[in-house]
Structure formats: C-alpha cells, structure tokens
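Q: Take a look at the following structure, please.
Since every read-out is calculated from the coordinates, none of them should be taken as a lab result. Since we're looking at a predicted model, the values are computed, not measured. Backbone-built Cβ (ideal geometry, glycine too); neighbour counts: all protein chains shown.
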C-alpha cells in the first residue's frame, strides 16, 4: 500500500531532524577526503525539510515549503564550483530516498521534488541579489 501525500508529509515533517542529519552526513561523505563543502544550506535544511512535510500534509503547493523556510544561508561570493548545486542534489536524493522508504505514491514523490526545485530557485534568487523575509544571507569571500 502506497502512502498518500498527507501521510507522507506527516512522516517527513516528523523526521525533519533525522533527514537533516542524513543530509549532513551525505554532504560530508561526498567531500571524499577533501575539505568539506561550505554548508550553504545548513542553517535552513531542517526547517525546509519540515516545511516540505507540512506542505505535503496540508495539500499546499510545493513552492510553499521554501516560502515558509527561515534561517541563514551561507553563500560564496563569486563562483562556488558547483557546491550549492551539489547540496541541493544531495537534499533531493535524501528526500527521494525517504519517499521510497515510506512507499510514497507518485504524487507525493513528485511534489517533494517540486519543493526541492522551488527551494533551489529561491536560493539562486538570493544569490542573484534577491531578498526574502525570514532568510538571512551570509556572504563568504575567498575559499
């Protein structure tokens, strides 16, 4: 039996801390002996995951997850060598795996992917100089 979006969302929201921990671990492992990535999303990841779950559970638009997220995003001034994209890719993989483990239905899984994409676009807008209430940006200069 597949979990519908409401029940998938409830499970994801309840596991927000554990899913954020898994993401952090995956991000550190991806460094493969090199210096760990900058952790641009570390200050928002747990809240974002919870907001993804809440949006699913309430039947809200996937984009609402990013709109409801608050916290600190650490962005590299200038090129980041794809680090930010790698963090979003890993977060998408963690949430996709959670959906698979939960046996979420296709609608729930698609909505989670849409929420991650909306979050990615939201942070890119911040990177381009945009602002969003509730999200602070710390700019890192140099390596």
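Q: Measuring from centroid to centroid over Cα atoms, what is the spacing of region 1-70 and region 99-115 in Å?
A: Cα centres, region 1-70 to region 99-115: 12 Å.
Q: Calculated from DSSP H runs of 4 or more alone, at -39500 (n - 2.57) each and per residue, what is the 222 nm mean residue ellipticity of the chain, nearest 500?
A: It comes out at -19500 deg cm²/dmol, rounded to the nearest 500.
Q: Here's a follow-up. What relative contact order, as a whole-number percentage, does region 5-140 give when Cα pairs under 8 Å and 6 or more residues apart are counted?
A: With pairs under 8 Å counted, the relative contact order is 32 percent.
Q: I've got another one for you. Listing 46, 63, 18 from the residue with the fewest other Cβ atoms within 10 Å to the one with the most, what is the order?
A: 18, 63, 46
Q: Enter the angle in degrees (range 0 to 90, nearest 10) between the Cα long axis of helix 83-102 and the first principal axis of the Cα atoms of the chain, meaning the one along which they spread out most.
A: 20 degrees
Q: On C-alpha positions alone, give me the angle between the axis of helix 5-14 and the longest principal axis of the chain, in degrees, nearest 10.
A: 50 degrees
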